[in-house]
Amino acid sequence: MSGERLSLRSLYHLVRTVIPAHCAVCQRLAPAGICESCFASRLHLILRWCRRCGKPLVSQLAGWEGGCGNCAGRGYANLSGVRSLFAYTEAAREILHGAKFGGRARLLAELVELAWGRYGGRENPAFLLGIDPLELDFLVSVPLSMGRYFMRGANQAEVVASTLARLSGISLLSRLVEKARNTPSQSGLSRRQREQNVRGAFRVNRRLAERVRGRNVLVVDDLITTGATVQELAKVLKKSGVGQVFAFSLFTTDPRFG
């Protein structure tokens, strides 16, 4: 290549063209990185969810609109609704781990595309997004610190958000929210510790703030556990003048799957 050094990203794409892709879950050959069998049988699509926190609803009588046992009495005041697509099962862990630490961020885009096609994204996008796209003005991904971005090679939340933007036609403002400070990993922290960890961690880009004033925004993340991150982002966005803030994640923790 005329003596030029390959970037890590270029090298990754070169390797992927030479080495066939394997399913992140079962390791069988799978061009999309997720095989049809694992997508159909090992990922748990959430059909009924709490509109406040996005957690799966087991009881037919609980929390469809007004909250559930997970979010009752907790601060979701700045969020108008939350939708998480899949439960965080062992298969989901394998996919997210490969995306974050295995250089396979494209796995999340493939999963969004598969879900969009399989579960009627074109005919009924409100089911997948948790809200009618006509009620949304912008998508925004949860920002990642520069250190973690260079370690992982991508912002996984932005991969999900950019795929949703392409499929739904909703504009993505990927630089609307920035990290105001670096934060330790949320892994292993309690709900209260997570809330403290992200408090004051985000700020709205002043150059873009006027564009979203009075507009409705969907915050996109890869995984929601306690909801502390999306709640903090919603609070910052509301303070900057955004209309309604909704949240979407590809996965959410579910006690039924550990």
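The values are calculated or read from the model by the stated rules, or taken from the named source; none is laboratory data. Since this is a predicted model, take the numbers as computed values, not measurements. Methodologically, a virtual Cβ is constructed for each residue, glycine included, from the backbone with ideal geometry; neighbour enumeration extends over all protein chains shown.
Quick look at the values:
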| quantity | calculated |
| --- | --- |
| Scan of segment 54-69 for residues that are modelled with pLDDT under 90 and crowded, with 20+ Cβ neighbours inside 10 Å, ordered by number | G63, C68 |
| Selection from segment 158-170 of residues that are over 19 Å from F127 (Cα atoms) and in contact with a helix residue (DSSP H, G or I) (Cβ under 9 Å, 6 or more places away or on another chain) | V159 |
| Top-ranked residue of segment 179-191 - restricted to ones that are under 19 Å from the mean Cα position of the chain (by Cα) and surrounded by 14 or more Cβ atoms within 10 Å (Cβ to Cβ), ranked as nearest to E135 (Cα to Cα) | K179 |
| Residue in segment 22-45 that is modelled with pLDDT under 85 and buried (at least 18 other Cβ atoms within 10 Å of the Cβ) present | no |
| Qualifying positions in segment 200-228 - closer than 20 Å to R52 by Cα and either modelled with pLDDT under 95 or part of a strand (DSSP E or B) (or both) | V217, L218, V219, V220, D221, D222, L223, I224, T225, T226, G227, A228 |
| Members of segment 149-187 found to be closer than 23 Å to G103 by Cα and either in contact with a Phe, Trp or Tyr (Cβ under 6 Å, 6 or more places away or on another chain) or in a loop (DSSP other than H, G, I, E, B) (or both), listed by number | G153, A154, N155, S174, R175, N182, T183, P184, S185, Q186, S187 |
| In segment 70-113, the residues that are in contact with a Lys or Arg (Cβ under 6 Å, 6 or more places away or on another chain), modelled with pLDDT of 85 or more and part of a loop (DSSP other than H, G, I, E, B) | N78 |
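Listed here are the residues, each with its yes/no results for (1) crowded, with 17+ Cβ neighbours inside 10 Å; (2) without any contact (Cβ under 8 Å) to a residue 12 or more places away in the chain.
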position	(1), (2)
S145	no, no
Y149	no, yes
E158	yes, no
S162	yes, no
R166	no, yes
S171	no, no
V177	yes, no
Q193	no, yes
